[in-house]
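**Q** Take this structure first; my questions come after.
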Amino acid sequence: MVSRFFKLESRGTTPLREFQAGLTTFAAMAYILAVNPSILANTGMDKGALITVTAITAAVATTLMALFTNYPIAMAPGMGINAFFTFTICLGRGLPWSEALGMVFVNGIIFLSLSVSGVREKIIASIPLGLKIAVTCGVGLFIAFIGLKNGGIIAGNAATFVGPGDFTAGPAKLCLAGILFTALLVARKVPGAIVIGILGITIAGIFTADGQGGRVTQLVGNIFSLPASASPVFLKLTFGFLTNWSRFQTAVPLIFTLLLVDMFDNIGTLIGVSKRAGLLDSDGRLPKAGRALLADSIATILSSLCGTSTVVSYIESASGVEAGGRTGLTAIWVAVFMLLALFLTPLILAIPPCATAPALVIVGIFMMQSVVEIDMTQFEEAAPAVITIFAIPLTFSIAQGIGLGLLCSVLMRVGLGRARTVPVFGYVVAIMFFLSFFRIPPFR
């Protein structure tokens, strides 16, 4: 019955191969169970609850994708979006995390409406390809920057703004070792390299002094336990920005940026993984794309209700495809492993920041690899792309980076006499960012 439902025979796969592919994908993306809570906890959210909701939202959203599309694509809270949630919305703009969850919910409703109406594809088409790739690269730099900071590799410097940290400190030494160790595993194509790196540094931290009379990794009494309660974050979203005009003006461009990043992440992953799995048709189009986008939209709403940042499709699904996964059964196994991981919550909580920091750096490198797809020989394409890549980490804001790059792209095309090459939606998006940057009503 399972074979018939997931059409295993017609896809040239078997139940055992799908199981192995699911395990491979889970191993490749399991780092999110430690990294997502460590990032979102900076907002004041309960870390134990975040581990629970990270696993639950990943499992439910992945199951939806499997049932809606029969694709071997896993989902979980997105890297980059969780950084935007924490460092731009909450810490940068000073908004409480409960309102940030409310913004994710509104984004999900808009996302769903755009997906059903087909407007979503038009918005995506209005953004130049080079700029889409640049957003991925810029977010990669942003994530790597956060990883280096969390690991003590870089620190604030009054003269140069950023400078080297204390490499003799225990956490910094472990972070440097973790980056090299994980990079070597990735280069050797070891399945689950990032997870192995996190576990290796966590174990090494047991024997490494933290410089304050303790150890980098604090031993836990029990490795296994019942999952932590999700109640501290579950259904805690609020919508104060809808009733306060000042906060509403702040929220609009932030929600819009959530929407853009969400779209870029999902579309890019869907096409990339589907291409490697041989699921695209002869014209390079993705069958059941509408169903996939619908699953993404529902997953976004689900994540806000559960208490985490936006859930997106994961590029690590490609590792499962390389292991032979071809159907939604691969994704179902990923969901099962996510739920089983909940019983390891004490172990996940014991993982120190210097162990997850290398994972951020490696993920950032993965995202930066897309830079070779930007045509740097054409200055009108290179300039907006480079500005976007630099602006995202340097302004510590994905929103500012996307906006500056898009404005540069539109203005250059107009200045070169190619105004007609900019789609209508491109002008709409650029105008919204312009109004936001210069605090012009209604974005004041």
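The values are calculated or read from the model by the stated rules, or taken from the named source; none is laboratory data. Just so it is clear, the structure is predicted and the values come from calculations on it, not from any experiment. Here the Cβ positions follow ideal geometry from the backbone for every residue, glycine too, while neighbour counts run over all protein chains shown.
**Q** Would you point out which residue out of Gly44, Gly78 is touching a helix residue (DSSP H, G or I) at 6+ places or on another chain (Cβ under 7 Å) and on the phi > 0 side of the Ramachandran plot?
**A** Numbers: Gly78 fails: on the phi > 0 side of the Ramachandran plot.
Testing whether each residue is touching a helix residue (DSSP H, G or I) at 6+ places or on another chain (Cβ under 7 Å) and on the phi > 0 side of the Ramachandran plot leaves just Gly44.
**Q** Report, by residue number, each residue of segment 62-74 that is modelled with pLDDT of 85 or more, in a helix (DSSP H, G or I) and either over 18 Å from the mean Cα position of the chain (by Cα) or under 23 Å from Ile198 (Cα atoms) (or both).
**A** Thr63, Leu64, Ala66, Leu67, Phe68
**Q** Let me ask another. Quick one: which residue in Ala59, Ala34, Ala28, Ala21 is modelled with pLDDT of 90 or more and among the hydrophobic types (A, V, I, L, M, F, W, C)?
**A** Details: Ala34 fails: modelled with pLDDT of 90 or more; Ala28 fails: modelled with pLDDT of 90 or more; Ala21 fails: modelled with pLDDT of 90 or more.
Going through Ala59, Ala34, Ala28, Ala21 in turn, the sole match is Ala59.
**Q** Filter segment 150-192 for residues that are closer than 22 Å to Ile39 by Cβ, touching a helix residue (DSSP H, G or I) at 6+ places or on another chain (Cβ under 8 Å) and free of Cβ contacts under 8 Å to residues at least 24 places away in the same chain and give the result.
**A** Within segment 150-192, Ile154, Ala155, Gly165 qualify.
**Q** Only one of Thr257, Thr269, Thr327 is surrounded by 23 or more Cβ atoms within 10 Å (Cβ to Cβ), in contact with a Phe, Trp or Tyr (Cβ under 8 Å, 6 or more places away or on another chain) and modelled with pLDDT under 70; which?
**A** Numbers: Thr257 fails: modelled with pLDDT under 70; Thr327 fails: modelled with pLDDT under 70.
Answer to the check: Thr269.
**Q** Here's something else I'd like to know. Does segment 30-48 hold any residues that are in a helix (DSSP H, G or I) and out of contact with any Ser or Thr (no Cβ under 8 Å at 6 or more places or on another chain), and which are they?
**A** First, the residues of segment 30-48 that are in a helix (DSSP H, G or I): 32-43, 47-48.
Within segment 30-48, just Ala41 meets the criteria.
**Q** Under 14 Å from Val312 (Cα atoms) and assigned to a helix (DSSP H, G or I), is that true of Gly108? Let's see the steps before the verdict.
**A** Working: under 14 Å from Val312 (Cα atoms): yes; assigned to a helix (DSSP H, G or I): yes.
Judged against the criteria, Gly108 is a match.
**Q** While we're on this one: Please tell me if Ser397 is buried (at least 16 other Cβ atoms within 10 Å of the Cβ) and either closer than 30 Å to Pro171 by Cα or modelled with pLDDT under 90 (or both).
**A** Spelling it out, Ser397 is indeed buried (at least 16 other Cβ atoms within 10 Å of the Cβ) and either closer than 30 Å to Pro171 by Cα or modelled with pLDDT under 90 (or both).
**Q** Which numbered condition trips up Gly94, out of (1) part of a loop (DSSP other than H, G, I, E, B); (2) touching a residue at least 12 places away in the same chain (Cβ under 8 Å); (3) small (Gly, Ala, Ser)?
**A** (2)
**Q** In segment 210-246, what residues are on the phi > 0 side of the Ramachandran plot and without any contact (Cβ under 8 Å) to a residue 12 or more places away in the chain?
**A** The answer is Gly213, and nothing else.
**Q** From the list Ala76, Ala61, Ala66, which residue is small (Gly, Ala, Ser), within 28 Å of Gly401 (Cα to Cα) and surrounded by 24 or more Cβ atoms within 10 Å (Cβ to Cβ)? Break it down into steps so the answer makes sense when it comes.
**A** Details: Ala61 fails: within 28 Å of Gly401 (Cα to Cα); Ala66 fails: within 28 Å of Gly401 (Cα to Cα).
Of the residues listed, the single one that is small (Gly, Ala, Ser), within 28 Å of Gly401 (Cα to Cα) and surrounded by 24 or more Cβ atoms within 10 Å (Cβ to Cβ) is Ala76.
**Q** If we only count helices (runs of 4 or more DSSP H) wholly inside segment 321-432, which ones have 3 or more residues that are over 30 Å from Phe224 (Cβ atoms) and not basic (Lys, Arg)?
**A** On the way: elements: 328-340, 345-349, 353-368, 379-394, 398-415.
Helices (runs of 4 or more DSSP H) meeting the threshold: 353-368, 379-394, 398-415.
**Q** Residues Leu237, Leu226, Leu242: which one is more than 29 Å from Ala55 (Cβ to Cβ) and modelled with pLDDT of 80 or more? Spell out the reasoning first.
**A** Working: Leu237 fails: more than 29 Å from Ala55 (Cβ to Cβ); Leu226 fails: more than 29 Å from Ala55 (Cβ to Cβ).
Being more than 29 Å from Ala55 (Cβ to Cβ) and modelled with pLDDT of 80 or more holds for just one of Leu237, Leu226, Leu242, which is Leu242.
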